[in-house]
Amino acid sequence: MLTNLKDTKKVVGIKQARRAINNGEALAIYIAEDAETKVVHDIINLCNEKSIEIIYASSMKELGKACGIDVSAAVAAVLK
């Protein structure tokens, strides 16, 4: 499922994902399982409120690599 993430329209990071969710632009949210709970807690709550699908990646490193960036990522949002 992460393999096609690199070629989709997306934003990476907590702030950008929150903005996409609030603006109604997010189709799905990827969250790394090893991300700190306090960091992703608000994103999870927003997704639940707005009925946005949450997909979990096994690690921040894997999510960053799947997004085509050279650093780890806690959250990525797939855009409409």
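Any read-out appearing in this document is the output of simple, stated calculations on the displayed coordinates, not a laboratory observation. On a predicted model such as this, the values are computed, not experimentally measured, just so you know. Don't worry about glycine lacking a Cβ; one is built from the backbone with ideal geometry, like all the others, and counts go over all protein chains shown.
Taking amide H atoms as placed 1.01 Å from N in the peptide plane, the amide H of ALA73 lies under 5 Å from those of LYS61, LEU63, GLY64, each 5 or more residues away in sequence or on another chain. Amide hydrogen proximity for ILE55: with H placed 1.01 Å from N in the peptide plane, the residues at 5 or more positions away or on another chain lying under 5 Å are ILE29, TYR30, ILE31. Taken along the Cα-to-beta-carbon direction at a fixed 7 Å, the label points for ASP7 and ILE55 span 1.3 nm. In the set [x] 18, 49, 29, 4; [y] 21, 60, 19, 0; [z] 12, 22, 15, 14, 21, 15, 0, which value of P(r) over Cα pairs in 10 Å bins from 0, in percent was calculated from the structure you see? Matching the structure shown: [y]. Antiparallel beta bridges, as assigned by DSSP with both residues in the chain, represent about 60 percent of the total such bridges. Using θ = phi - 60° and the Karplus relation 6.51 cos²θ - 1.76 cosθ + 1.60, list the HN-Hα couplings for the range 20-32 in order, rounded to whole Hz, with x at every Gly or Pro. Once θ is set to phi - 60°, the couplings for the range 20-32 become 4, 5, 5, 8, x, 9, 8, 8, 8, 10, 9, 10, 6 Hz. Packing order of peptides 61-67, 2-8, 51-57, highest average first: 61-67, 51-57, 2-8 (average count of other Cβ atoms within 10 Å over each peptide's residues). Of all lysines in the structure, the ones whose alpha carbon falls short of 19 Å from that of LYS80, not counting any fewer than 8 places away in one chain, are LYS6, LYS9, LYS10, LYS15, LYS50.
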